[in-house]
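Taken together, the values in this text are just the output of simple stated rules run on the coordinates, not laboratory data. No experiment lies behind these values; they were computed from the predicted model shown. FYI the Cβ positions are ideal-geometry reconstructions off the backbone, even for glycines, and counts take in every protein chain you see.
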Amino acid sequence: MNRVPHIRIVVGASLLAVLGYFGFSVWVFGWTADAALRGDVVGTWKSFATLAFGFWLGSSSAGKAKDGDPAPVTVVNPPDAPVPVEAQS
């Protein structure tokens, strides 16, 4: 099983970034009336949600990966018989 190096740093930095953006969002919706800025904040939260869903989907699919030996490889064009890419004259 592969482990993420420095997992506490990664999780801590991610949590700090989301909490910081949450604080910014509270400020935008609590103390400003700028419609464009509010739309940007809503769009960013939608992007966060899409990213979280994609990460969850990828993580659940990754659990189906099989551990073991790699599949055998067959060399179709060995070095002594390359595929010509230009017309020879």
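Translational diffusion coefficient of the chain at 25 °C, 0.890 mPa s, Stokes-Einstein with Kirkwood Rh over Cα pairs, in µm²/s as a whole number. For these conditions, the coefficient is 131 µm²/s.
All other residues with a Cβ under 15 Å from the Cβ of V28 taken together, and with Lys, Arg as +1 and Asp, Glu as -1, what is their net charge? Don't jump to the answer; show the numbers that get you there.
Numbers: positive: R38, K46; negative: D34, D40.
Within the 15 Å Cβ shell, the charges total 0.
For the chain, adding -39500 (n - 2.57) for each run of n ≥ 4 DSSP H residues and dividing by the number of residues yields -21000 deg cm²/dmol at 222 nm.
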